[in-house]
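Peer 1: The following block contains the structure, expressed as structure tokens.
The values are calculated or read from the model by the stated rules, or taken from the named source; none is laboratory data. Source: prediction; values computed, not measured. Positions of Cβ are backbone-derived with ideal geometry, glycine not excepted, and every protein chain shown enters the neighbour counts.
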Amino acid sequence: MFNKILIANRGEIALRVIRACKEMGIRSVAVHSTADADAMHVRMADESVCIGPPSSMQSYLSIPNIISACEITGAEAIHPGYGFLSENANFVQIVQDHGLTFIGPTADHINMMGDKITAKDTMKRLGVPCVPGSLGGVATIEEAHAVSAEMGFPVIVKATAGGGGRGMKVAKTVDDLDEAFSTARSESKAAFGNDEVYIEKYLTLPRHIEIQVFGDGKGRAVHLGERDCSLQRRHQKVLEECPSPAIDAETRARIGKTCADAVAAINYAGAGTIEFLYENDEFYFIEMNTRLQVEHPVTEAVFGVDLVREQILVASGEPMSFVQEELAPNGHSIECRINAEKLPEFRPSPGKISQFHAPGGLGVRMDSHLYDGYKIPPYYDSLIAKLIVHAPDRASAIARLRRALGEMIVDGIDTTTPLHNALLQEPDILSGDYDIHWLEKWLETYS
Ligand code: MV4
């Protein structure tokens, strides 16, 4: 096992990893920009190293600075958290070249899933159901017309190098296709330096269901059920739950086994998430994320596991601490992502926290780096807290979430808490009857 781990991240996820390290008797090293000198992750870690100015490019994304911080402190492994360098295959290779361990999958697996066509081809070959679409890239507008006519409209043009909603264009009818194709290509070129696109049948009213998988890198893998992340605004998740209100035990076992078998077959190591669109009782693979996700705590609550501990175990060469037969869902968990943003425009609202109180009590987990007097810097993403509840069933989880939101105090800045309170009064949310477009439609009338 490692003696010392460096956490190449900030905010609540840095705390999450430091906490796992402490429980495993591993020393932790925080890295921080000058803007984060007073941040909670710096205070909570055993040691800290300043890695640069506020700009992420020159600090949390600076590979030389992070490798140097490892060398200075003697850290043997790096946990990347989510975002920043967590899915950067080049970083993984450099970490290894320096004799250090990246806590996550191999560079090859990150590359495989980062290229959306290769990811889809691989999943298809492994028996994972995919959205009907082009076989590989579509290079010409003639080919785009041929593929779309064959499939039928609407279609969606996606960037091979994209993901998370970037570089996508929908063509409702054949009349939209020329523009969708050329815009998707030029935006992809500008954003990713790669203009390759592929085409899929556009699913009109799906849910976003993602399966949590975990592999040991040696051909064994498990699944830990699904999360329903359909409530999104501009591809930012707002509220996530486990299990999905739309998935029954038999369906979960079936798609879960398909996913676990697929990642076992490629010797995948560590935590991964296989994203699907789910419509008319069918799953359609869209992407795989090769990192620990923001919303992992709802899975931890329902399955009773510590996913970060498992990541660290597997990265150090030890076996996972469970097999599939030991994993069973228990109760229901919901997470609210609370952002420092002013409604209704969701405008970033950085500034000083004049008063902070975290909710508590049975079945309540608050993952947050806030403290009284903390100044939220304007340079990074606006997530300030994840409020996660766990209860025996969905109705009691909602009651607990309302109760916990009521206890929370975050004064001095604007937050998205009023949105969460309002959502928990909506009949469609209470009944679980929502899809990926529900929130944006609802926001058009909510004020
Ligand atoms: C789609 C789709 C409909 N049909 N693919 C958006 C993010 C990226 N991960 C995939 N996305 C979508 N892909 C097909 N074939 C609709 C979306 C989509 C979406 C997906 C999940 C959650 C929210 C979304 C909001 C808009 C569009």
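Peer 1: Could you grab me the full set of residues in the range 255-296 that are among the polar types (S, T, N, Q) and within 16 Å of the ligand (Cβ to nearest atom)?
Peer 2: Result: T273, N280, N289, T290, Q293.
Peer 1: Oh, and also: Could you list, in sequence order, all residues of the range 194-218 that are of a type in the set (K, R) and within 7 Å of the ligand (Cβ to nearest atom)?
Peer 2: Correct list: K201 only.
Peer 1: Now for a separate question. Within the range 48-61, is even one residue buried (at least 24 other Cβ atoms within 10 Å of the Cβ), touching a residue at least 60 places away in the same chain (Cβ under 8 Å), within 21 Å of the chain's Cα centre (by Cα) and assigned to a helix (DSSP H, G or I)?
Peer 2: No, there is no match, as no residue in the range 48-61 is buried (at least 24 other Cβ atoms within 10 Å of the Cβ), touching a residue at least 60 places away in the same chain (Cβ under 8 Å), within 21 Å of the chain's Cα centre (by Cα) and assigned to a helix (DSSP H, G or I).
Peer 1: Further, regarding this structure: If I ask for residues that are within 19 Å of the chain's Cα centre (by Cα) and among the small types (G, A, S), which ones from the range 331-352 would you list?
Peer 2: Scanning the range 331-352 gives S333, A340.
Peer 1: Right, another one. Taking the condition of being closer than 30 Å to I312 by Cα and touching a Pro at 6+ places or on another chain (Cβ under 9 Å), how many residues in the range 162-217 meet it?
Peer 2: 3
Peer 1: Could we say that G256 is part of a strand (DSSP E or B), touching a Gly at 6+ places or on another chain (Cβ under 7 Å) and assigned by TED's automatic domain parsing to the domain that holds N289 here?
Peer 2: no
Peer 1: Follow-up question, since we're still on this one. Give the residue that is farthest from the ligand (Cβ to nearest atom), with candidates limited to residues of the range 423-447 that are exposed (fewer than 14 other Cβ atoms within 10 Å of the Cβ), modelled with pLDDT of 95 or more and more than 27 Å from D281 (Cβ to Cβ).
Peer 2: By that ranking, first place goes to Q425.
Peer 1: Out of the range 278-323, which residues are aliphatic (A, V, I, L, M) and either in a loop (DSSP other than H, G, I, E, B) or farther than 16 Å from C242 by Cα (or both)?
Peer 2: Those that are aliphatic (A, V, I, L, M) and either in a loop (DSSP other than H, G, I, E, B) or farther than 16 Å from C242 by Cα (or both): I286, M288, L292, V294, V305, V308, I312, L313, V314, A315, M320, V323.
Peer 1: Turning to a different aspect of this structure: Output the residues belonging to the range 160-193 that are away from the ligand (no atom under 13 Å from the Cβ), buried (at least 21 other Cβ atoms within 10 Å of the Cβ) and more than 19 Å from P132 (Cβ to Cβ).
Peer 2: Result: R185, S188.
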